[in-house]
Every structure is written in structure tokens, then in C-alpha cells.
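What follows is calculated from the coordinates using simple rules that are stated; it is not laboratory data. Fair warning: this is a prediction, and the values are worked out from it, not measured in the lab. Virtual Cβ from ideal backbone geometry, glycine too; neighbours counted across all protein chains shown.
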Amino acid sequence: MLLSWLLIVWFLQMPTFTWIIATHICPTDTKYLIHSDGTVVIGAFFPILHNSLVRTTTDWKYFPMDSDNYFGMSGQNYQLVLAMLFAINEINLNSHILPNTSLGLEIYNLPAIGRNIFRTVFSWLTGLSSVIPNYTCRKESNSAATLTGVSWKTSETIWTILDLYKFPQLTFGPFDPVQIDRNQFQSLYQVAPKDTALLSGIASLMLHFSWNWVGLLIPDDHRGAQFLSDFRKELDKTKICIAFVQTVLYLGETLLRLISQDHIHIIESSTADVIVIYGPTSILLTLIENTYRTYNMKKIWVMSTKWFCPNLELYNMLELSHGALIFSPHYEEIVGFKKFMQEATPIKYPEDIFLHLLWYWHFKCSFLHSECKIFENCLQNASLELLPGNIFTMTMTEESYNVYNAVYAVAHSLHEETLSQIQFQPQANIDRTLLFPWQLHPFLKKIQVKNSVGDYVVLDWKRKADPEYDITNIWNFPTGLSLLVKVGTFVPSAPKGEQLSMSEYMISWPIGFTEIPHSVCTESCNPGFRKVVLESKPTCCFDCTPCPDNEISNETGLDHCVHCPETHYANAEKRHCLKKRVTFLYYNDPLGKGIILLSIGFSTFTALVIWVFVDHRGTPIIKANNRSLSYILLITLILCFLCPLLFIGLPNTTTCIMQQYMFGLLFTVALSTVLAKTITVVMAFKITAPGRKIRWLLTSQVPKFAIPVCILIQVLLSGIWLGTSPPFIDKDYHSEHGHIIILCNKGSYIYFYCTLAYLGVMAFGSYLLAFLSRRLPDRFNESKSLAFSMLVFCSVWVMFLPVYHSTSGKVMVAMEMFSILASSASILIIVFAPKCYIVLFRPELNILTHNRDKRHHRSKIFLKT
């Protein structure tokens, strides 16, 4: 404690320039500027008067002085005085609050320099004009609390002294979220509502107008860093990006580092049309105009009233701030306050030197400097209402409303303290002039009362509720005068999606915008396109790429395209899903017509071959090649050629089953017949000295039993297939664009491949036997043709497998039909075409020769079979 006192005393003794520059102005010798006696007094430190250097061009609202320096007066901050007077008058007239007790006030002007702030506070505490620690000239103290502001820095400076006495201090400035968790400020209370919902409100505003690319101007201190961190978290939820962040170093209301030309260039050249300002807005915009003569940047400023000064000191600043959107906590109008300001005159309140100065400067009154009062030559019926809006506003400001609530909070806390004292001692024994301010803390911390308009006053930040926000728009109409117009509201407690309400038609956008601005890094992707995030770029900067096949986007700015249902397909623009047409392999399709012609053509040709064989059934070449097996094979081939007709037309369960069943059965008959013919040829030509047993096998046509055996195996295989996984009707949604193809699903590809494998075994067996007997001597030996036909047959189906798997839809069905036709045609042409050629065109070759007895003997045996 002693060390603290020594540091403060040393600091105060440092030489400094006094804030009172114009020595002929009366406030230099005034201890306090406004004083009103009362049983209990509330102190206040308001920054009202300030000194400024005379410039070559002075503002018209300042009174010119003969010296090189002059005083300025903040009309906005003077409203704080009126708000405090009005609240104290209301409480003194209210018999329900502090009965038999009157409230008084002491209002001090707050200097801008830190050392002078210390001097002012010590002067108020001790009653001494010079600082002497631990000494006081006040016989008694009836001060209960003090109000400080406007900036947190000022309140924190005053707190370093008042906290030594645990003196209650209420700051009416903007709510500072950085300070709320600090336990060190035990005697300092923030009256302003907390603004934790402000970030959500700004983000909601951005979403409402589809702004996703914003700039940010913040102070270069811990508040700016905290705001940036919280703002980033809020924007990440809504996919809004920060285009740039510019920091400005300032102390209180004074900028310490001017904005450089680079800063201005970044702001002007940025594609972000919306700039969020968290800092001393009025000073910042004034600096831009005065330094760089920039009056129109075609930017939309979004700010909070905690930083915005409605009494703009330079009228031309409205060119730059025109169209700005401002968030301000909503509060009801205090009944009677406007009338109170209208009636406030130096005659009614002669002790208020601020009113005398205002009348002196703005209404051309004669001024008595010795008494700091006006005395003659004033404008008749002059009132604060006659002052321009940029000097004094008749609308209660946010800080004035906080001062009003602060007075009520202190009054109710005193009232609760009095009630608690009555419980321990009679009313008559209570001496309200002997007040220990530190005893008021428990009551201030738990205070929760309604003011005159029904708004809750709470000092404990943990119990503060998020306020509703009014969104106002600056209108520069007429030029040079500001007009704040309410254009929307933000209610944090409302359901999500209903929190923000805007009246867009009432918004006056900055000069250069003829419609709602588009503050985006990249224009939203049109319908039919989707976003593609660029590497090392913010998510708001992207490219647009067309939607993939069968995907659409029917809105702008979509991150992903939407798949069309299987029954629909995307149109060419990828904006709508159209219903697919149901199709199948029609009879009148070109593909269907071609297959029908081939099927009927080959069937007819096979029938002609049968007619030739029947007509020439007695010729050697017909008899020598096992005539009955040839008939079976030819009839089976006719059915094989007609089998593809089952694949054409609208499929149903019967045709799906018949397709695979008939395919397997007919080819089994055909290949088993070829196998029987091959076995017969081998047995006939391998018998050089046939015995009775071998002769009996040939003459009794035992090789023909291979046909029913093979058929039986195929029937069993087909039965298992149909019994476990029978073919069924299926739909192919993807093979043909815009169409749903109805086709037959094989049910189980395992059984289908087993059938193919079984047919392959028979074909390969026939080929192997025929190949081994190809060199046996005889003019009518068909081993070569059988071997070659089986080779072609196997080649067709081997090639069928990869092609079948690489196609789908109608093409897949067509491939199976062409394989059936091709493999059947290979047997027909290779085996029977040469015989028909000899029968029809070379009859001289169709005779039986007897060159050798052994060959004649074998041919005779073969003919009998």
C-alpha cells in the first residue's frame, strides 16, 4: 500500500501542462463544476470541456477566442449531466425510494491527461487543491458512489485510486467483455448491457444480405485482439471470410498512430464493400477525411454505438459515413426526459456552468467571466432544442441511458441498505450522513430492479441478459446533417432464423450503390455449378465448376451438387431432374430388327439345309455322316437361332426364365449331338479289326446315349439354378442416359457361368476327339469340320465374357444374342455348308469309292450307323 502511494505521489508531482489553456475562462478556479446538496451524494466524472488548438479552418460551432487556444465542449457528453440531474430529480420526488432521504450530486469535468485525472480525483476525495496523501479537509463524507466513463481506460485509471478505499465505482461507458473475468476490479461495476450477442447480430446481418467478404478495422490493443478472435469464431459458423484486418493504435479518444496511405489503399482497393469497425469510429473516419481528403470510399461501415458518436464534429464526415449501419442496444424512451432537456436553461439551473457556456457560445450572450455566468443580450426563448443535431441531440444516447440506470442502481442499493439497517436499529437512530461506501458493495452486486420504463438494471455481469439491438442507418439528408433511421432489429432470444428483421426499402446505401451491395470475394456459382475451394485461399474465394453427370444444383452458391433420383436424370444445364423414359429392346428398334432378321434368316437357312438332307438322304455323303444325328443337330440349331427372339420385347418373369433355360438346354442338345457324332467317327475309324463287341456298340447306336446323359446333367443344373436364384425382371438406371432399361437379371451369375463352363467342356471334348481323328483317311470324314466348328464355338464364347462384362443395358443383351447366333451359325456353316455344296454343286464327289478293301469295310460299317 505504501509503495502504491509513493508511486502515485511521484507521478502527480511530475511537471505537466494544465488542461485549462484559456486562463480568462472561469472553470479554472472551480473545484467542482456542478454541485447539489443532499443527504447522500453521488459523484460523477464527465468529459465535457476540452481544449483544442486553433486551426486555419475552425468549425463554426466553436466560439473563437483571442488567444491561440480555446475551449471546446462536447454536447453529447453534456447530455450525461442532464440525464443524471433528471434521474436524481425523479428519485427525490419518489416516496417509495429512499424516503426522508435526498440525493445530491457532484459533477467534475474529466481532464484528458492521466496525471490531471489523478489530481481531479484526489481533489474530490480530500477537498485539497494540492495532493497531500492521507490528509483531507472534508469534515464528513456523504458520498455513496461515483460514475465514471466514457472509456474503460478512464474508468480503470480512476479505479486505481478509488479501489484503495473500496469506493463503489460505476462505469457508464461501453461494456468491456475483456474485463469481466478479472477479479481485481471488485469495486468497479459496468452498467452497460453486455454485448456478447453483438457479434452474432453482425454475422446475421452479413448472412441476410449475402455478404461473405468483409474488412475489419480494430484497435491495436487487447480489446481489438479479443474482438478479432471472437469475431473469427462467429464468422466460421456462418462461412463468412475476413478480407483484411487493419489495426489502429489509440488511447481513449486519441489516435496515437495515423493511418498510413497503405492502409487507405488497402481499404479502397479491397473487393470487400463492407467494413466492420470496432474502435473510435468518429475519430477514425475524421482522420481519413482530414488527412487524405477522402470523402467517398464506396464502402458500407458496420459499427456499434459504443464507438459511434452521433454528434459528428465535422459536417463533411457525413459524406464518408453516409449509409453506415449501426447496432445499438434497444431501450424505451424515458418519459419526460425530452421535455426536461427542452426546459433546461441557465435561468432555471443557474448553478450549471455548462449551460452558461453553451448559451454564451451558441446564443451570443454576454458573459460575466468572474462568475462564469451569462447576464444579458441572449436570444429569446433559446433552448437546447434549437441547437443543430450535430452539436446536441434531443434523443437520449446510450451513455446517458446508462447514467440514468446507474443513478437508479445506486439509489435502490442505498434503499436496500437502509432496510437492512432498520432490522438492527430503530429508524430514528440511523444517521445517513455517516456513510461507509464500502458497505454498499453487497447490495450493488445483487441489485436487480426495473427502471421507470420497465427495463432491468443489473450490475452483476453474470446475470446480465443479452439486449435487443436496433439497427440504424445514417442518412445524409439534407447534405451536412445526419439522420439516424431505424431500419431493423436483432433479438438474440428469438428462435433461430427469426432473430434478425430488416426493412431493406428504408436503407439509404452509400453514394455509388444503386442496389443492395454485393460484398463477396467470388460471385456465387450459378445453378448448374458448384464451388471448388482454391488451395491456400479463404473458403469464400472459390472457382465454379459444372456439376458432375446426373447431379444438379438448382440454387446459386451451392457447395455441393445433388444427385438426381435413379428414376430421374439431370438436364443439359444441370439445373433440374427430368423423369427417365422406360425402355427395353423393342421389336421395331434397329437393333431388334437386325437380330430378328438374322434369327429368321439363319433359321430359314437351316430349314433349307434340312430339306436338302431329306431330299438327298440316300446319297453317300448324307448317309456317311450319321444322318439321324445330323437331323437332330439341324433341328436344334433352328431352335437355337430362334432363341434370341425370347430376349426381344418387354420382359416378364416367364420370358426371363425361358431365356436362360432354353439357352442352356438347346446348346446342350446341340453340343451333345456334336459330341455323339465325334465319338461315332472316332470309333468307326479306329477299328482296324473290329470284334463283335465293338461292332455291336456301333450298330446298336450306343454313342447316341451321350445326348440324354448330357441333357440330364443340364436339366439338373438348371433345376438347381431355378430353384435357388431364378432370373427376374430388373431395371438398369445407368446404362442409357435418360432411360430406364427393363431387362432380365440372371439371378445368379455363378449358375450362368457354370452353364457356360458345362457347354465349354462338351465343346472342348468334341474338339479334342475330332482333332485327334482329323487325319483318318476317308472322303466323308467330318472330323476336321467338327473340330473347327468347336474351335470357333469356343472362341465366340471366350470373347463373349469380357465384352459382356464391359457393356450394360441393351448392348449387353444384344451381345448375348449375337453370341448365340454366332456360335450356332459357326456349327451350321462349318459342318453342313460343305456337304450342301457337294450335294448341290459337286454331285460327282458324292459317290462311294472302293479303292481299298479296308477303307471300304470301314465306310460300310460307318454307313450302317
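Mind checking the stretch 464-530 for trypsin sites (Lys or Arg not before Pro) that DSSP puts in a loop (not H, G, I, E or B) and that have at most 12 other Cβ atoms within 10 Å?
Details: sites: LYS464, LYS486, LYS496, ARG530; in loops: LYS464, LYS496.
Sparse-neighbourhood loop trypsin sites (Lys or Arg not before Pro): LYS496.
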Distance in nm between GLN186 and GLU343 label points, each 7 Å along Cα→Cβ, equals 4.5 nm
One finds, for LEU207 and ILE713 with R0 = 56 angstrom and r their Cβ-Cβ distance, a FRET efficiency to the nearest 0.05 of 0.15
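If I take R0 = 45 Å and measure r between the Cβ atoms of GLU535 and LEU591 in this structure, what FRET efficiency does the formula 1/(1 + (r/R0)^6) give, to the nearest 0.05?
Values: r = 48 Å, r/R0 = 1.06.
Between GLU535 and LEU591 the formula returns 0.40.
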Extend 7 Å from the Cα of HIS576 along its Cα-to-C-beta direction; within the stretch 503-547, residues with backbone N under 20 Å of that point are 526-530, 547
Here, LEU93 and SER269, labelled 7 Å along Cα→Cβ, have an inter-label distance in nm of 6.1 nm
Contour minus Cα-Cα span, TYR837 to GLN226, at 0.36 nm per residue, comes to 209.9 nm
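Would you mind putting 599-606, 784-791 in packing order, based on average other-beta-carbon counts within 10 Å, highest first?
Sorting 599-606, 784-791 by mean packing, highest first, produces 784-791, 599-606.
Work out how much length TYR749 to LYS298 would gain on full extension: take 0.36 nm times their residue separation and subtract the Cα-Cα distance, in nm to one decimal.
Details: separation 451, 0.36 × 451 = 162.36 nm, distance 6.98 nm.
Residue separation times 0.36 nm, minus the Cα-Cα distance, leaves 155.4 nm.
Assuming 0.36 nm per residue, please report the length gained on full extension of the stretch LEU483 to LYS731 beyond their Cα-Cα distance. Spell out each step's value before the answer.
Working: separation 248, 0.36 × 248 = 89.28 nm, distance 6.84 nm.
Between LEU483 and LYS731, full extension yields 82.4 nm more.
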By the mean-Cβ-within-10 Å protection proxy, highest first, 214-220, 329-335 rank as 214-220, 329-335
Check: C-alpha center the stretch 817-843 vs C-alpha center the stretch 320-399, spacing in Å is 117 Å
In the structure shown, of LYS593/LYS731; LYS339/LYS462; LYS348/LYS446, the pairs separated by more than 27 angstrom at the C-alpha atoms are LYS339/LYS462; LYS348/LYS446
For the GLU333, LEU249 Cβ pair and Förster radius 41 Å, calculated FRET efficiency rounded to 0.05 is 0.60
HN-Hα couplings for the stretch 545-551 via Karplus (6.51, -1.76, 1.60; θ = phi - 60°), in whole Hz with x for Gly/Pro, come out as 10, x, 5, x, 4, 6, 10
Surpassing 22 Å at the alpha-carbon level, of the pairs LYS239/LYS464; LYS537/LYS574; LYS338/LYS464; LYS194/LYS450; LYS677/LYS784, are LYS239/LYS464; LYS537/LYS574; LYS338/LYS464
Cα extents of the stretch 576-633 along the principal axes, largest first, in whole Å, come to 72, 16, 10
